[in-house]
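These notes concern the structure reproduced below.
The values are calculated or read from the model by the stated rules, or taken from the named source; none is laboratory data. Source: prediction; values computed, not measured. Using ideal geometry, Cβ is built from the backbone for each residue, glycine included, and neighbour counts are taken over all protein chains shown. Surface accessibility is based on the protein's heavy atoms, side chains included, excluding ligands, DNA and RNA. Shrake-Rupley method; radii C 1.70, N 1.55, O 1.52, S 1.80 Å.
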Amino acid sequence: MQNGERSVLHVLPHAGGGGDTYVDVLDEVQGYRFERVYITPQRKPGVGQVVAGALDLRRLLRGYDLLHIHGEGAAALFLPLLAVRRSIATLHGLHLLRRASGLGRRAAGLNLRAIVRAASRTICVSNAERDQLKTVVGPGVLRDTVVIHNGVRLPSERSTAERNDVRRELELAESEVVAIWVGSLDERRDPLCVVRAAERTATPLLVVGEGPLRAQVEQAAKAHVRVLGHRPDVPRLLAAADFFVLMSRREGLSFALLEAMAHGLPAIVARIPENIEAIGDTGAAVPYGDEEAVAATLRRFAEDGEERTALGARARQRVADLFHVDGMIARTRALYDEVRA
């Protein structure tokens, strides 16, 4: 440790998820040294892998000033440690609760109540998430929760020449109005709805991401959709696009969406509270999985350049005002200091 830095151990359910992006941002917090560990190496492990991973991690959770656990599932495995250590839990979208029903949903609600009671503080990444948490755990339990929005940097504006270079690489005409999708290709995000709508409307669409539905997405992609898979140069691709598309059944607060807005792209999103909180009046919200609504909005954005420009400028300003990385870092640093004290 250098210059009196305090140590934070981040415990994430698996590698490669949104939690990694979140911790990448927090690496810039001054005065703290971070280490991250994963309960399992993959997104959907078996029960045996989860238990073995949790038991193994318990041997590592010593010698840190703060314990920061990400997601309801990971937090449930470490409830005793949350209670006895200086600890923070970030919920990242209440995914366990939202995909459960019946007795499973009741169990997920009880788990959330236990997490909020055990952790020193709980972070919600959006106001919408905290509002839903309140309906589950009750207002009295929320006293130790705080909303800290995810944040991104505002990129410098790329020149027209740079934009056109990327388009030439992708064999896109300079005059084409191009949509872009960045995200996992899975059922929660329903990429097939967007791909079919793009083909129907002859809208050029770049699909960036991997996931279990990739083969189906590639089959649905015909003349107008390009499936690029995982790309390390997402900022270059965003700078070459004209608007962004995100179809999500549930979200925390999408970093991909905020990045697109920071690049001055208006967005078409599924009409869920977290997405609406992100875009405000800078994009368009449609019902989840509604191919007709997606197609109509693709046509609208493709045809109205003045609207795209105005919405994109407002989107970039909204990130500067509400979702800038500096605010996320400062508020998290203040929370670490508070919990440590």
task = At 0.36 nm per residue, minus the direct Cα-Cα distance, what do residue 281 and residue 169 gain on full extension? Give it in nm, one decimal, please.
result = 37.0 nm
request  = Rank 141, 96, 166 by how far each Cα sits towards the positive end of the charge dipole of the stretch 72-206 (+1 on Lys, Arg Cβ; -1 on Asp, Glu Cβ) and give me just the farthest.
outcome  = 141
task = Determine the share of the chain's accessible area contributed by carbon and sulfur atoms, expressed in whole percent, with a 1.4 angstrom probe.
result = 49 percent
task = With a ≥ b ≥ c taken as the square roots of the eigenvalues of the C-alpha gyration tensor of the stretch 110-204, please select rounded if a/c is under 1.5 and otherwise prolate if a/b is larger than b/c or oblate if it is not?
result = prolate
query = Roughly how many nanometres apart are two label points built 7 Å out from the Cα toward the Cβ at residue 146 and residue 306?
reply = 4.5 nm
task = Please check the chain for the longest run free of trypsin sites (Lys or Arg not before Pro) that are loop-located per DSSP (anything but H, G, I, E, B) and have at most 12 other Cβ atoms within 10 Å.
result = 63-221
Listed residue (4, 256, 126) projecting farthest to the positive dipole end of the chain, Cβ model = 4
query = Modelled label-to-label distance, residue 7 and residue 321, 7 Å Cα→beta-carbon offset: nm?
reply = 4.3 nm
query = Distance in nm between label sites at residue 200 and residue 162, each 7 Å beyond Cα in the beta-carbon direction?
reply = 3.7 nm
Net charge dipole size for the chain [Lys, Arg +1 and Asp, Glu -1 on Cβ; Debye, nearest 20] = 1480 debye
request  = Over the residues of the stretch 85-129, compute the C-alpha Rg and express it relative to 2.2 N^0.38 Å.
outcome  = 1.18
